[in-house]
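What follows is a single structure, written as structure tokens, with notes after it.
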Amino acid sequence: MHSSCRYVGDVQSGKRNGHGVYYYDSGDKYTGNWNMGKQEGHGVYVYANGDRYVGEWLGGKHNGEGTYYFKSGKVFQGTYRNGSPAVRCRAQP
């Protein structure tokens, strides 16, 4: 099976490192910082379904302050840990 994943950006030691854009087979796209092949620092992940996460990443997961925008128009803002909402999260209409 052919993969249509594509990365455009900085590379170090053969891994995504620095700033770059990764296009996934699913139609998702991540734009932001990378550290040794994983999302780390500030980034924007746009899902093929129209949802979007803008915020901090660590080890390839939502981690720190971030905002999740649903295609429906709802917004979920707060602190994330290991990819899941943690504290001070609030849903907005």
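The values are calculated or read from the model by the stated rules, or taken from the named source; none is laboratory data. The structure displayed is predicted, hence computed values, not measured ones. Using ideal geometry, Cβ is built from the backbone for each residue, glycine included, and neighbour counts are taken over all protein chains shown. In case anyone asks, the SASA skips ligands and DNA or RNA and just uses the protein heavy atoms, side chains included. Shrake-Rupley method; radii C 1.70, N 1.55, O 1.52, S 1.80 Å.
One table, with the values for the structure above:
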| quantity | calculated |
| --- | --- |
| Stretch gain in nm, segment LYS15-ARG52, where the contour uses 0.36 nm per residue and the Cα spacing is subtracted | 10.9 nm |
| 5 angstrom amide H check on ALA86, placed H, neighbours 5+ away | THR79, TYR80, ARG81 |
| Furthest towards positive pole of dipole, GLY78, MET36, SER26, structure part the stretch 24-93, Cβ charges | GLY78 |
| Size of electric dipole in the chain: Cβ of Lys, Arg +1 and of Asp, Glu -1, about Cα centre, debye, nearest 20 | 180 |
| Sparse-neighbour loop sites [trypsin sites (Lys or Arg not before Pro); the stretch 13-93; at most 12 other C-beta within 10 Å; DSSP] | LYS71, LYS74, ARG88 |
| Phi-based couplings in Hz for the stretch 19-32 (Karplus 6.51, -1.76, 1.60; Gly and Pro marked x) | 9, x, 10, 10, 9, 8, 4, 5, x, 5, 9, 10, 10, x |
| Carbon/sulfur fraction of accessible area - the chain, other protein chains in place, 1.4 Å, % | 51 |
| Proximal charge balance of GLY59 [Cβ under 13 Å; K/R count +1, D/E count -1] | +1 |
| Rounded to whole Hz, the Karplus (6.51, -1.76, 1.60) HN-Hα couplings of the stretch 5-12, x for glycine and proline | 4, 8, 10, 10, x, 6, 9, 9 |
